[in-house]
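So the structure is just underneath, and the comments pick up after that.
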Amino acid sequence: MIRTVRGTGYVLVTGLAPATPSRVSGTVPSLARPLTGHRPGQRTARPGGRDAPGDVVASKRAGLPLDLTALGGAGGLGALERYSLKTLGVCSQASDQHFLVRARTRGALGADAARALAVLARRHTGGRVHLTTRQQVELHDVPAPEVPGLLDRLREVGLDTSSTCGHTVRGVTSCPDAGVSAEEPFDCTADAAQLTDSLLALGPDLNARLPQRLTIGVGGCARCRDQAKVSDIGLVSTLDDDGRPGYELWVGGSLGRSSPTLASRIVDFLPRERMLPAVHAVLEVFLAHGAYETPNRGRLKFLVARLGLARFTALVAEAEQATGRRPWPVPAALAPGPVSTASQTAPDGGWGTDVRPQTRAGLATVTATVPLGELSADALDALAAVAEADGDGVLRPTRDQNVVVRDVPVDRVAALRSTLSDVGLIVGAQHPARDVRACVGAPVCALAITPTQDLARTLWDLPALRRNSGLRVSLSGCPASCTRHQAADLGLAGNLVSIHGHRVPGYRVHLGGDLGRDRLGRVLGRVAADHVPALVEAVVAVWEEHRVGHESLADTIGRTGIGVVVSALRGLPALAWAPGGGDDGDGVRALPLATAGRAAGPAAS
């Protein structure tokens with residue numbers, strides 16, 4: 001085994017000197033426990049890239065063992081090692097000889113780093129980069145022998161891969177508009193960076209002890225408040241009655257495979273100086289009481305439900321008495337607060353959701369829509385160029401798999417729009433279907449049941465969606481909800497559907513999600529993959545008929561109920577359909593859509 005602590009977190013290397021730590025000051029944490037009673041090839045890994053829950057727990061108990069030299073060897077990785085590799089951001093694909101590599105951006109990607117990433121994409125993945133809903137970047141189909149060198153090259157350009165997958169504290173997401181938007185109470189960027197540093201400083205020992213992954217979101221705009229509701233830990237920027245900056249603390253949100261749950265607020269106001277000890281107190285409670293031995297019930301939401309919110313809150317308050325005595329960095333000084341942007345001169349095309357005024361007059365924040373989150377290396381180069389020429393030189397990935405460029409002079413917005421259009425990116429409403437979100441799906445993701453990308457491209461060009469640019473469609477290749485399908489107007493979750501006695505790839509259909517109203521999508525039923533476009537066309541037609549004014553689909557479903565959709569679909573030719581929201585197992589009947597019956601109840605919130 002070769003294991004080296006390097007800077008923030010750890011990276012496995014072969015024969016290379018460790019890089020100089022650049023983000024975390026202080027003592028580097030000790031390595032995970034030494035491996036005992038196990039050799040790499042002793043337990044064979046499951047084929048197809050899926051880790052057995054028992055292997056995950058065994059790997060963590062063994063201290064995350066890994067011999068990186070076995071990665072490209074004839075014997076490959078053992079079951080425990082393959083999970084260990086995941087904690088470094090390297091995930092098995094369906095093909096055991098290719099891997100997905102995920103890197104943390106910290107919500108900002110400098111122009112030079114973006115160009116370097118484009119070079120690596122051309123060298124290792126055919127020039128493709130995927131943007132995730134947690135503001136991270138992925139390279140897919142990386143041949144096994146190339147993984148160690150790629151990890152080092154990513155690290156050299158400031159892209160850390162450690163703790164981006166597996167049971168780790170994932171990347172802390174933050175608002176791409178923080179510091180320049182009047183909607184944000186204050187700039188949370190520095191606080192998010194300090195929180196990231198404090199968690200990564202705990203090193204691989206933490207990854208061996210966590211019961212399950214932890215997701216954390218920071219920000220104060222409406223979208224960030226929504227994000228807090230579906231995060232394990234949500235920090236919503238706010239000001240108290242005296243104008244003091246701080247955070248609301250939310251816990252226990254998750255839209256995962258089972259029991260989709262919205263977070264609960266346990267602290268109304270945390271001064272900025274209490275943010276770090278409070279988050280670490282939640283972490284201590286999770287480590288002490290979480291379901292370590294049963295990963296399928298290991299998320300924080302299950303612990304909150306088991307203990308009860310009052311007991312959990314009391315344990316966090318007790319833990320903070322100890323964490324509060326640790327030495328924490330002083331919060332960074334804040335710039336003056338936001339100002340009104342109402343009187344600013346509008347750019348060509350006007351203001352909108354994709355082109356927003358900044359607090360400094362004459363500047364705009366521009367969102368470039370990246371279709372399905374798939375960036376070509378050429379598009380990444382173009383983004384880097386416009387960020388340097390017309391912005392602040394930084395690309396900011398969003399939770400919607402798009403990219404933000406800030407500090408764009410208002411009179412340069414039209415030129416930027418034209419430049420990005422040449423490489424397939426969209427600024428403004430040039431393409432109506434601009435809110436289709438998709439995970440990578442099979443075969444890239446070993447957990448996916450269905451291949452999502454081809455279907456997502458079909459939906460992107462679907463006439464029903466081209467007519468309705470505001471419709472939010474999310475497509476996940478499995479129930480894990482990487483694209484938050486339960487929070488979309490129309491969400492599709494990959495599953496196996498029983499059709500005429502045969503199990504085929506299909507999707508669970510969710511309608512009417514709206515986090516702003518604390519509403520998760522209701523399960524309409526399940527449909528075979530080949531029938532999804534026809535189903536979406538039909539559902540949108542029903543919405544168009546019944547909506548009032550500019551109602552969203554979620555608003556219409558909230559007003560009319562889901563039954564109106566089922567009733568209106570009865571005149572269609574039969575579609576392969578399995579109604580309701582239960583598991584796709586024994587007892588699920590295959591029924592035509594026209595006789596689906598009444599819809600399932602609302603998802604848990």
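The values are calculated or read from the model by the stated rules, or taken from the named source; none is laboratory data. Since this is a predicted model, take the numbers as computed values, not measurements. We place every Cβ from the backbone using ideal geometry, glycine too, and count neighbours over all the protein chains shown. These accessible areas exclude ligands, DNA and RNA; they are computed on the full protein's heavy atoms, side chains included. Shrake-Rupley method; radii C 1.70, N 1.55, O 1.52, S 1.80 Å.
Observations
- Rounded FRET efficiency, nearest 0.05, which uses the C-beta distance separating residue 335 from residue 306 and R0 of 45 Å: 0.60
- When peptides 444-457, 343-356 are ranked by their average number of other Cβ atoms within 10 Å per residue, the highest-first order is 444-457, 343-356.
- Shape call, region 241-323: gyration tensor on alpha carbons, a/c limit 1.5: prolate
- Sites residue 518 and residue 240 - FRET efficiency at Förster radius 35 Å, r taken between beta-carbons, to 0.05: 0.90
- The C-alpha radius of gyration of region 104-254, expressed as a fraction of 2.2 N^0.38 Å, stands at 1.13.
- Whole-angstrom gap from region 95-154 to region 465-513, using each part's C-alpha centre: 27 Å
- Backbone amide hydrogens, once placed in the peptide plane, bring residue 519 within less than 5 Å of 514, excluding anything fewer than 5 places away on its chain.
- Gyration tensor verdict on region 189-296 (Cα atoms; rounded if a/c is under 1.5, prolate if a/b is larger than b/c, oblate otherwise): oblate
- Extension gain for the segment residue 152 to residue 122, taken as residue separation times 0.36 nm less the Cα-Cα distance, is 9.2 nm to one decimal.
- Length gained on full extension, residue 325 to residue 389, computed as 0.36 nm times the residue gap minus the Cα-Cα distance: 18.4 nm.
- Whichever lysines have a C-alpha closer than 22 Å to that of residue 86, once near sequence neighbours (fewer than 8 apart) are set aside: 60
- Rounded accessible area of residue 504 (nearest 10 Å², 1.4 Å probe): 50 Å²
- Between residue 414 and residue 559, residue separation times 0.36 nm minus the direct Cα-Cα distance comes to 48.3 nm.
- Label-to-label distance, nm, for residues given as residue 317 and residue 257 (7 Å Cα→Cβ offset): 3.6 nm
- Computed accessible area, residue 269, all protein chains, 1.4 angstrom probe, square angstrom: 50 Å²
- In order along region 363-372, the Karplus-derived 3J(HN,Hα) couplings, from 6.51 cos²θ - 1.76 cosθ + 1.60 at θ = phi - 60°, round to 10, 10, 9, 10, 9, 9, 6, 9, x, 6 Hz, and Gly and Pro are given as x.
- Label positions at residue 360 and residue 268, each projected 7 Å from the Cα along the C-beta direction, are separated by 3.7 nm.
- A probe of 1.4 angstrom, applied to the heavy atoms of all protein chains, finds residue 292 with accessible area near 40 square angstrom.
- What region 456-544 shows is 32 Å² of accessible area per residue, with the surface traced by a 1.4 Å probe over protein heavy atoms.
- For region 178-226: rounded, prolate or oblate by the Cα gyration tensor [a/c cutoff 1.5]: oblate
- Computed across region 389-463, the Kirkwood hydrodynamic radius from all distinct Cα-Cα pairs reaches 14.6 Å.
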